[in-house]
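The values are calculated or read from the model by the stated rules, or taken from the named source; none is laboratory data. What you see is a predicted model, and the numbers here were worked out from it, not measured in a lab. Here Cβ is always computed from backbone atoms with ideal geometry, including for glycine, and neighbour counts include all displayed protein chains. Side chains are part of the model used for accessible areas, which takes the heavy atoms of the whole protein and leaves out ligands, DNA and RNA. Shrake-Rupley method; radii C 1.70, N 1.55, O 1.52, S 1.80 Å.
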Amino acid sequence: EVLIDEEKKELKIYSKIENNFFVISGIGNKEKTFSTLKNWQITFENVYAKTSSNNLISDTYFSKYGVRGCLNIYDLNLSDINFSVKNCNLENALELLSVKGTIDKISIDNSKFDGLDVDYAILKVNHTIIQNAQNDCIDLYSGNYQFINVVVYNCKNPIDSDASYTNFENLKIFSKEQKNEFKKYKI
């Protein structure tokens with residue numbers, strides 16, 4: 001189910017099918033230049049009630065669609081975007097590939113594997129809160145990243161990144177045992 005409110009600039013995606021995903025891609029014009037997404041609130045929530053023993057997306061999806069995440073953003077300029085992803089059972093909750101710009105807020109809750117996966121991007125992210133990722137909370141590869149006000153909680157691996165191209169300001173990492181300290185942080 002996809003709900004779009006163009007006036008409020010809200011996109012809400014409710015996945016009711018197991019292993020479903022959503023893609024927003026910005027290249028499609030004849031000049032092959034990136035489109036711009038500005039001031040939108042984008043929400044993805046997996047509301048599929050049944051849990052499966054095989055929660056990893058199949059190789060068929062990779063070859064057919066080329067996606068690895070519940071919410072996939074490709075080839076876009078971003079300006080003051082807010083992302084919220086809940087209950088992802090694919091490889092990445094939020095996958096950003098080849099994007100540039102600013103994100104105001106990222107909120108990810110309950111990811112079967114990685115929370116945030118970013119590749120080949122140039123990004124500034126003002127607020128990030130990721131909780132309950134069963135692998136990496138934040139996985140960054142080949143790009144230039146600036147994260148301000150980051151809180152991660154209960155992740156197998158809080159951050160997988162090459163420090164040479166990533167800057168974290170005001171980073172807080174909490175383990176499962178630090179739940180009470182984590183509760184103070186809300187975006």
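Please check which bits of the stretch 120-147 a label hung off Asp162 would reach, taking the label as a point 7 Å along Cα-to-C-beta and the cut-off as backbone N under 16 Å. Flagged as within label range: 120-123, 139-146. In the structure shown, the pairs Lys100/Lys176; Lys9/Lys156; Lys16/Lys124; Lys8/Lys179; Lys12/Lys172; Lys12/Lys38 are assessed against 26 Å; a Cα-Cα span above that value is assigned to Lys100/Lys176; Lys9/Lys156; Lys16/Lys124; Lys8/Lys179; Lys12/Lys172. The helix-based estimate of mean residue ellipticity at 222 nm for the chain, built from -39,500 (n - 2.57) per DSSP H run of four or more residues and divided by its residue count, is -1000 deg cm²/dmol to the nearest 500. Using 0.36 nm per residue and subtracting the Cα-Cα separation, the extra length available between Tyr141 and Leu3 on full extension is 46.5 nm. Stokes-Einstein, applied to the Kirkwood radius of the stretch 86-129 over Cα pairs at a viscosity of 1.002 mPa s and 20 °C, places its translational diffusion at 197 µm² s⁻¹.
Which order do the peptides 12-25, 74-87, 101-114, 167-180 take when ranked by the mean count of other beta-carbon atoms within 10 Å per residue, highest first? Each step should come with its number before you reach the end.
On the way: 12-25: 15.9, 74-87: 19.9, 101-114: 21.6, 167-180: 13.1.
Sorting 12-25, 74-87, 101-114, 167-180 by mean packing, highest first, produces 101-114, 74-87, 12-25, 167-180.
Stretching Glu18 away from Ile148 to a fully extended chain increases their span by 43.4 nm, per 0.36 nm per residue minus the current alpha-carbon distance. Select one label from (1) 16.7; (2) 17.2; (3) 19.8: the one whose number is Kirkwood radius over Cα pairs in Å as derived from the coordinates shown. Recomputing Kirkwood radius over Cα pairs in Å here picks out (1). Solvent exposure of the chain, expressed per residue, is 53 Å² of accessible area, with all protein chains present and a 1.4 angstrom probe. Here the peptides 123-135, 144-156 are ranked by packing, the mean other Cβ count within 10 Å, and the order with the highest first is 123-135, 144-156.
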